[in-house]
Amino acid sequence: MADIERLQGLSAFVRAVEAGSFTGGAKLLGTTPSAISKSIARLEQRVGARLFHRSTRSFSLTAEGQDYFDRISPLMRALEEASDSLRSGQEPVGRLRLSMPADLGRFLMQAITTQFLPHHPHVKLDVSLTDRHVDLIREGFDLTIRVGRVADTGLMSRSLGELPLVLVASPAYLSARGEPRSTDDLRHHAHVRYMLAGRPFPITFADGTSLTPEGALDADSGDALRIAAVNGLGIAQILRTNVHEELSAGLLSVVLPEIPMPSVPVQALHAFGRIMPSRARVFLDFVAARIHEWRRLLDSIHA
């Protein structure tokens, strides 16, 4: 019984941290906030340290609590993986907490909500749409999807495909400023630039040519670039998936369409280890299939 209670206390602690509240942790575990609070109180007694700063409205981890979470959460994940591996032939079950860039989410969420979740009703998704590179272990994410080259993080990775970039501007902007005829002409135009780690991401072409023009507006969000370009602030280098509707509607035009642009890799990072839970595996299979379908559609359009 003591071992069971110890595991329950650890699970209550990890889920409360991941959910941000005792109430949220209780929902994840199918119990009550009071039961979560009592389990964590007993856990604090056992470890001899206060894990949370509590107030009437919220809580935050103490330094000891943060250190304990960093050590315990991978172990709890490993236990879940072990159980999941025994159910490999069954319907995927469980919660999957993931992060992806907002513009990629804009492209994928329609398919996720109309195709993936209805076909996998026992998988619960907790999705954060942000261009910020989250810390999977410290912030309690199961996986993150990133666009572009990924530095060595020590995490496991999986390639999901590639998505093409495109240069776009509004017809009003091009009418007022003129259409660029060469890559050198781009230096004389206004640009809305994507910021990565505090630096503007250079415009890069398929042949390796690149330049970093001055920016009329800089943002760390692909959606912000799309809106700025539609509103005539300048030329934007952006994922074609993010502006497909605007191009079709004539709200944006392709700049220098005769010069090939590169595609950027899409990768998933996770800390599951070699045995990935089926809920994560089927989700990443789904995302990879959507990216492949999109590339095949684009290739047929531009063939």
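The values are calculated or read from the model by the stated rules, or taken from the named source; none is laboratory data. Only a predicted model underlies this, so the values are computations on that prediction, with no experimental measurement involved. Because the Cβ atoms are built from the backbone with ideal geometry, glycine has one as well, and the counts that use them run over all protein chains shown. These accessible areas exclude ligands, DNA and RNA; they are computed on the full protein's heavy atoms, side chains included. Shrake-Rupley method; radii C 1.70, N 1.55, O 1.52, S 1.80 Å.
So for the chain, averaging the separation of alpha carbon pairs under 8 Å that are six or more residues apart and normalising by length, what relative contact order in percent results?
21
Using label points projected 7 Å from each Cα along Cα→Cβ, tell me how many nm separate Arg281 and Arg42, to one decimal.
Once both label points are built, they end up 3.5 nm from each other.
In percent, what relative contact order does segment 163-264 have, based on Cα pairs under 8 Å that are 6 or more apart in sequence? List each step's numbers first, then the result.
On the way: 187 pairs, mean separation 46.7, N = 102.
For segment 163-264, the relative contact order is 46 percent.
With n ≥ 4 as the cut-off for DSSP H runs, can you work out [θ] at 222 nm for the chain, using -39500 (n - 2.57) per run divided by the number of residues, rounded to the nearest 500?
On the way: 10 runs with 130 residues, N = 303.
Theoretical 222 nm ellipticity from helices: -13500 deg cm²/dmol.
Along Cα→Cβ, 7 Å out, is where each label goes; now give me the distance between the ones at Asp207 and Ala63 in nm to one decimal.
According to this spin-label approximation, the distance is 5.8 nm.
Of the trypsin sites (Lys or Arg not before Pro) in segment 142-192, which ones lie in a loop per DSSP and count no more than 13 other C-beta atoms within 10 Å?
When the trypsin sites (Lys or Arg not before Pro) of segment 142-192 are filtered for loop state and at most 13 Cβ neighbours within 10 Å, Arg149, Arg181 remain.
Find the accessible area per residue for the chain; the probe is 1.4 Å, ligands and nucleic acids are left out, and the unit is Å². Mind showing how you got there, number by number?
Details: 15510 Å² over 303 residues.
Heavy-atom accessible area per residue stands at 51 Å².
Answer with a single label: of [x] 14.2; [y] 18.8; [z] 21.4, which was calculated as mean projected area of the Cα convex hull in nm² from the structure in view?
Among [x] 14.2; [y] 18.8; [z] 21.4, the one derived from this structure is [y].
What per residue convex hull volume, in Å³, do the alpha-carbon atoms of segment 163-264 yield?
90
Which order, highest average first, do 284-292, 16-24, 233-241 follow once you tally other Cβ atoms within 10 Å for each residue and take the mean per peptide?
The packing order, highest mean first, is 233-241, 16-24, 284-292.
Hey, with R₀ at 25 Å, roughly what FRET efficiency would Asp126 and Arg149 work out to, going by the Cβ-Cβ distance, to 0.05? Mind dumping the intermediate values first?
Numbers: r = 27 Å, r/R0 = 1.07.
Using R0 = 25 Å, I get an efficiency of 0.40.
Which of the helices in the chain meet the span-like rule: DSSP H, Cα axial reach of 15 Å or more, Kyte-Doolittle mean at least 0.0?
Length and hydropathy pass: 2-19.
Quick check: pseudo-label points 7 Å beyond the Cα along Cα→Cβ at Ser263 and Glu162, how many nm apart are they?
Calculated label separation equals 0.6 nm.
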